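Peer 1: Questions regarding the structure given below will be posed in turn.
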Amino acid sequence: MTENTTEEVVSQEENTAVEPGQETDPVATLTADLQRLQAEYANYRKRVERDRAVAHESAIGAVLTELLALLDDVDRAEQHGELTGGFKAVADQLNSITSRIGLEKYGTEGEAFDPQIHEALMHDESAEVAVATASKILQPGYKYKERILRPARVAVTDPTTGA
């Protein structure tokens, strides 16, 4: 806004807020304007800080997502007993760093199937379960600060239905 339009807006506000026969207090008007500007600035700062935090978490999540394939390879090597010596130390350090950053591995066999955090790749029926159950974890899931980076890929066992 230019100075002329700002002065016009202020004079219009003064004219509309004042009842006929009363004088306006310029100090009160300027104080109200100052308070409004301070509130707008405080809201702007809060919004920028919130956006900055979201961008920071998104960037970390993107880097961790790129590391998931590497973590899967390390897990497979460990399951087959091929993780020894210096490679084991590197793998342990990698797992330690990702845990410290906040990456969480989830998905255990026998837990109830939840389509929000699990991806069903196989399906079976059994009388041994009462609810849909993740009977086998094919690939673990990972989350970072309550945000799912990758759902756990599971085999689901449903209870048998009486037909």
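Every read-out reported here was derived from the displayed coordinates using simple, explicitly stated rules and does not represent laboratory data. Everything quoted here is computed from the prediction, not taken from an experiment. No Cβ is skipped: glycine too gets one built from the backbone with ideal geometry, and neighbour counts run over all protein chains shown.
Peer 1: Taking the stretch 124-149, which residues are buried (at least 17 other Cβ atoms within 10 Å of the Cβ) and over 18 Å from residue 100 (Cα atoms)?
Peer 2: Correct list: 129, 132, 133, 134, 135, 137, 140.
Peer 1: Please go through the stretch 66-103 and pick out each residue that is outside any helix (DSSP H, G or I) and among the charged types (D, E, K, R). Lay out the reasoning, then the answer.
Peer 2: Step one: list which residues in the stretch 66-103 are outside any helix (DSSP H, G or I), which gives 80-84, 102-103.
Correct list: 82 only.
Peer 1: So is residue 95 among the polar types (S, T, N, Q), more than 17 Å from residue 153 (Cα to Cα) and buried (at least 16 other Cβ atoms within 10 Å of the Cβ) or not?
Peer 2: On the way: among the polar types (S, T, N, Q): yes; more than 17 Å from residue 153 (Cα to Cα): yes; buried (at least 16 other Cβ atoms within 10 Å of the Cβ): yes.
Taking the combined requirement at face value, the residue satisfies it.
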